[in-house]
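Take a look at the structure set out below.
Read-outs: derived from the displayed coordinates by stated rules, not from any lab. Computed from a predicted structure; not experimentally measured. Here the Cβ is made from the backbone with ideal geometry for all residues, glycine too, and neighbour counts use every protein chain on show.
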Amino acid sequence: MASAKRIFLGYMLSIIIGIFVGLAIVRFKYLDENVSPLILGLQTLPSICWLPFSILWYGLNESAIIFVITIGSTFAVSIAIESGMKNINPLFVRAARTMGAKGFSLYWNVIIPASLPSIISGLKQGWSFAWRALMAGEMISATKGLGQVLMVGRDLADISQVMAIMIVIVILGVAVDKLIFGKMEINIRQKWGLDKV
């Protein structure tokens, strides 16, 4: 339960921040040229690298782990949004502008819907990064959660306990993919006529 709370809060924060950063990069050329490469570089950092900073800033508590989860998945979300919006068919934008769409209307009715498949892929990737960050944070901070149980199993050389936690994580990952991301992808593809014939 503690792990579920942490990953939910951290992942939701990463989505909010990632969407904001991704939209800002697409909207402003200066950010695209200067911030975008930095975000790509930061994504290559393992989430565990942020844990010492989070402990110094927040102490060894819930906030430190949530910070690591948020940082660990924010960059994947923002990069996916940026990539999705940059790689949509230019004909969509031109046609919309010809019909008078501009500003917020252009983004809301054309650019965002056309980039949704890429955005969903980024959300899935961010979800996997969030889990990695959660496990790293819980294993090092020794707080209650799946990571702590995993560490106890390692310390006791209890391979069955370690395997059980790994199986639980895999099952949760598959369940979320099928029940949430999978349904989102199906709905988007059906709505926009992207299903294979």
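Among the numbered criteria (1) touching a residue at least 60 places away in the same chain (Cβ under 8 Å); (2) farther than 30 Å from ARG189 by Cβ; (3) surrounded by fewer than 18 Cβ atoms within 10 Å (Cβ to Cβ); (4) not hydroxyl-bearing (Ser, Thr, Tyr), which single criterion is violated by ILE65?
Answer for ILE65: the failing condition is (3).
Taking SER160 and the conditions (1) under 22 Å from the mean Cα position of the chain (by Cα); (2) more than 28 Å from CYS49 (Cα to Cα); (3) surrounded by fewer than 17 Cβ atoms within 10 Å (Cβ to Cβ), which numbered condition does it fall short on, given that it satisfies the others?
The one condition SER160 does not meet is (1).
Within region 1-49, work out how many residues are outside any helix (DSSP H, G or I) and polar (S, T, N, Q).
From region 1-49, those outside any helix (DSSP H, G or I) are 1, 28, 44-46; that's our starting set.
Subset that is polar (S, T, N, Q): 44.
Result for region 1-49: 1.
Regarding GLU82, is this residue touching a Gly at 6+ places or on another chain (Cβ under 9 Å) and among the acidic types (Asp, Glu)? I'd like the intermediate steps shown before the answer.
Details: touching a Gly at 6+ places or on another chain (Cβ under 9 Å): yes; among the acidic types (Asp, Glu): yes.
Against the criterion (touching a Gly at 6+ places or on another chain (Cβ under 9 Å) and among the acidic types (Asp, Glu)), GLU82 qualifies.
Please return the ranges of helices (runs of 4 or more DSSP H) entirely within region 57-109 where 3 or more residues are under 13 Å from GLY22 (Cα atoms) and out of contact with any Asp or Glu (no Cβ under 6 Å at 6 or more places or on another chain). Break it down stepwise before answering.
Numbers: elements: 62-86, 90-98, 103-106.
Helices (runs of 4 or more DSSP H) meeting the threshold: 62-86.
When you go through (1) on the phi < 0 side of the Ramachandran plot; (2) over 23 Å from the mean Cα position of the chain (by Cα); (3) not β-branched (Val, Ile, Thr) one by one for GLY100, which number turns out not to apply?
(1)
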